[in-house]
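This report concerns only the one structure given below.
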Amino acid sequence: MRMKRVFKINSFSFLSFLLLYFSSLSVTYANTCFHRDTNLSLFTQDTIRNKSADTLSEVTIVAKRLVKEVLPVQTLTGNTLKKLNAYSVADAVRYFAGVQIKDYGGIGGLKTVNIRSLGSQHVGVFYDGIQIGNAQNGVVDLGRFSLENMEAVTLYNGQKSAIFQPAKDFASASAMYLHTRVPYFYSGKRYNLTLGIKGGSFGTIDPSFVWEYKLSDKISLSASGEYMYTNGRYRFTYSTAGGYDTTATRRNGDVRMERIEAALFGKLAKGEWKIKTYFYDSQRGYPGASVREEPGKFSHQDRQWDDNFFSQATLRLDFTRFYNVMFNAKYAYDYLHYLSDPRQDVTTMYVNNHFRQQEIYGSVAHLFNINEWWNLSLSNDYQWNKLNADLLDFAYPVRNSLLTAVATSVSFKRLKVQASLLHTYVKDRTRISEAQAGTKAKFTPSVVVSYKPFGEKIDLSVRAFYKRIFRLPTFNDLYYTFIGNRNLNPEFTTQYDIGITYRRDFSGKILKYLEGQVDGYYNVVDDKIIAIPTSNQFRWTMMNYGHVKIRGIDASLEAFSTALHPVDLRVRVTYTYQKAQDFTDKSSEWYGGQIPYIPWHSGTALATIDYRGWSLNYSFIYTGERYESVANIPENYALAWYTSDVGLSKAFDFKKFTMRATLEVNNIFNQQYEVVQCYPMPGTNFKIKLNFLF
């Protein structure tokens, strides 16, 4: 392939390409928790595992407490993640304000995240600092990311509060960062080993391990793996058309998955590096919708196989106090096989499709420290995506993307301002040139302001941000046979946010600290991509047709008390209000209605009581009333639902290892509910966990 066939480069993009080319060392700095802005080294270990039984896997920050984030941020770290009654990252992020999870039932059901009603495709998910891509449909299944090796999960609205980062970090309406463990070794110790085993309802068995080894004073190795199997069968109740309560069993929800990761960490005289490899393999059944009018008629025997592999590297060099540089690189391969066989389920048509995605990504970011209060950055990213499929008349698309971000940050005693401008250049190529979408070239800005009116006397800050960004049409939107539309425009979002954060540390015994934040926001989505029917109901097409306005409030409060010492109490509460209206078609009788699956009110609560090595955890999730369709009529009205989970754990010290035993009971009140219509969720279920730390 000749390069001139791939690009028609304007002067701005050509400069970006040259900067990227001459920085072709291209191994990534991407561990976003450890950038210079937070004054934490890549190898400053956030999690120090205390040898005492009552602090196993406890989080201890060994650097100065982080400066308040300029943008709205929510984080779950270390011990909080361990104590959540959660199987995956998808279960954990439900406790963030402003988040809606679409869960299609059970442990193995597809789980996607929607932040502030902007849509799942507008959420950038970053794994150890590099974005997880899916050019096929733009959706990341959070259910495949385990918490066993997870150190922190962080959610930013807008973008991360840093300018020293790859251009991709500026390119999403919201960003979620998943940070895995970084090895830490006690003095004189060369290795850490953690073995775990979980089992419980639905025939679930889930062994795992984490092994860390110190090769030298400057190089360390880590490896982790996990296997999980569940039959996915659980009982649920529903009312028939005649009003009778009936009990049924959810079937074809079995999952078998394996995950293995390995990473190398290194220190340099003026920098640091990291190399990581990840592999995930799964086979699962799709139980499908529960059709209540004719129970048992639809057996739903659809199957899906997934293989996900990526290898990525990071490098950061601090040449002088005035200049730093980061390099990024990644290769990813994703395989998906979907089978729907009428010999197993006579109500379906035969589908046996195979999809293969490849991605190559490279990035370089420069930071210029002009003086103590003024920084500048320039980031250049290149990404290549290719999708193969065995569909009839498939386009076999290849996408070349070039992103350039210029950003600046000024920081005074009370005032902080950040501004960035992102340029995105995208060109697609298909086997038939007439079928390919046109070239896209867009500039998108963002501005962030934070002010502390009382200086250091009172830890209170007021912030605001504006951001305009878009998401490109996916390969499915553009090229899916009989459905895709190559003339689609990007789907734009405009975000406005104003918020306040307050924290107070206490010296008394009743409270140790109290921290809260409230944000009000207004979002607009233009050219929303939706599927509409054509003259043939069996053939739909994608159109830029939607227009949505979202008004909302996110609030959170966190407190820590030692009033009943040795009993410690931690409490975290969140609340979200959203009015998300569809203003697409003025002639529609549903004009201005609440968009589907967005509740007006939702909230969560987490409470942990620690006492002499014992830990009792309670978590609560509430999702308010909502509609299950764009038609806001009584037939589509959904009642509120809530769940309560409890967990009890205790650590035991032995001569050569420490063991922690945990018992969890989920949905203790056996609430019968659905996150997505006709996809019933499990009732009361339990899980037992044993972890051995050597």
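So which of GLY143, GLY108 is buried (at least 21 other Cβ atoms within 10 Å of the Cβ), under 22 Å from GLY288 (Cβ atoms), at pLDDT below 85 and in contact with a Ser or Thr (Cβ under 6 Å, 6 or more places away or on another chain)?
Result: GLY143 is the single residue among GLY143, GLY108 that is buried (at least 21 other Cβ atoms within 10 Å of the Cβ), under 22 Å from GLY288 (Cβ atoms), at pLDDT below 85 and in contact with a Ser or Thr (Cβ under 6 Å, 6 or more places away or on another chain).
Of a type in the set (D, E, K, R), under 23 Å from ALA152 (Cβ atoms) and either surrounded by 19 or more Cβ atoms within 10 Å (Cβ to Cβ) or at pLDDT 90 or above (or both): which single residue out of ARG181, ARG190 fits that description?
ARG181
Checking ASN137 against (1) at pLDDT below 90; (2) surrounded by 21 or more Cβ atoms within 10 Å (Cβ to Cβ); (3) more than 22 Å from LYS276 (Cα to Cα), only one condition comes out false. Which one?
(2)
Please count how many residues of the stretch 433-452 are modelled with pLDDT of 90 or more and loosely packed, with under 12 Cβ neighbours inside 10 Å.
Qualifying residue count, the stretch 433-452: 1.
All but one of (1) surrounded by fewer than 20 Cβ atoms within 10 Å (Cβ to Cβ); (2) in contact with a Ser or Thr (Cβ under 7 Å, 6 or more places away or on another chain); (3) not aliphatic (A, V, I, L, M) hold for TYR637; which doesn't?
Status for TYR637: all satisfied but (2).
Within the stretch 232-247, take every residue that is part of a strand (DSSP E or B) and modelled with pLDDT of 80 or more and give me the one that is surrounded by the fewest Cβ atoms within 10 Å (Cβ to Cβ).
THR247
Pairs only if they're at least six apart or on different chains, beta carbon under 8 angstrom, first in the stretch 86-106 and outside any strand (DSSP E or B), second at pLDDT below 75; list them, first residue then second.
TYR87/ILE107; ALA90/ASP103; ASP91/ASN85; ALA92/ALA86; TYR104/LEU110
Since SER187 meets every condition but one in (1) within 30 Å of PRO287 (Cα to Cα); (2) without any contact (Cβ under 8 Å) to a residue 40 or more places away in the chain; (3) in a loop (DSSP other than H, G, I, E, B), which condition does it not meet?
It fails just one condition, (1).
Counting only residues that are over 27 Å from VAL255 (Cβ atoms) and crowded, with 20+ Cβ neighbours inside 10 Å, which one in the stretch 193-231 is farthest from the chain's Cα centre (by Cα)?
SER220
Assess whether THR112 counts as being among the β-branched types (Val, Ile, Thr) and more than 30 Å from SER411 (Cβ to Cβ).
So THR112 passes the test.
Can we say ARG463 is more than 26 Å from the chain's Cα centre (by Cα) and either modelled with pLDDT under 95 or surrounded by 14 or more Cβ atoms within 10 Å (Cβ to Cβ) (or both)?
Criteria not met by ARG463.
Exactly one of these conditions fails for THR684: (1) out of contact with any Lys or Arg (no Cβ under 7 Å at 6 or more places or on another chain); (2) in contact (Cβ under 8 Å) with a residue 24 or more places away in the chain. Give me its number.
(2)
Is there a residue in the stretch 371-390 that is of a type in the set (Phe, Trp, Tyr), touching a residue at least 12 places away in the same chain (Cβ under 8 Å) and surrounded by 15 or more Cβ atoms within 10 Å (Cβ to Cβ)?
The answer is yes, given that some residue of the stretch 371-390 is of a type in the set (Phe, Trp, Tyr), touching a residue at least 12 places away in the same chain (Cβ under 8 Å) and surrounded by 15 or more Cβ atoms within 10 Å (Cβ to Cβ).
Which condition number does SER602 fail, the rest of (1) more than 22 Å from the chain's Cα centre (by Cα); (2) closer than 20 Å to LEU155 by Cα being met?
(1)
Taking the condition assigned to a strand (DSSP E or B) and surrounded by fewer than 19 Cβ atoms within 10 Å (Cβ to Cβ), does ILE553 pass?
When the stated conditions are applied, ILE553 passes them.
I'm told PRO207 meets every condition in (1) more than 21 Å from THR314 (Cβ to Cβ); (2) in a strand (DSSP E or B); (3) in contact (Cβ under 8 Å) with a residue 24 or more places away in the chain except one. Can you identify the failing condition by its number?
Status for PRO207: all satisfied but (3).
Scan the stretch 475-519 for residues that are within 28 Å of the chain's Cα centre (by Cα), surrounded by fewer than 18 Cβ atoms within 10 Å (Cβ to Cβ) and small (Gly, Ala, Ser) and jot them down.
GLY516
Go through the stretch 146-178 residue by residue and tally those that are among the β-branched types (Val, Ile, Thr) and either over 25 Å from ALA365 (Cβ atoms) or surrounded by fewer than 22 Cβ atoms within 10 Å (Cβ to Cβ) (or both).
The number of residues fulfilling the criteria is 1.
The values are calculated or read from the model by the stated rules, or taken from the named source; none is laboratory data. Just so you know, these numbers come straight off a predicted model, no measurement behind them. Quick reminder, even Gly has a Cβ in these numbers, built from the backbone with ideal geometry, and neighbours come from all protein chains shown.
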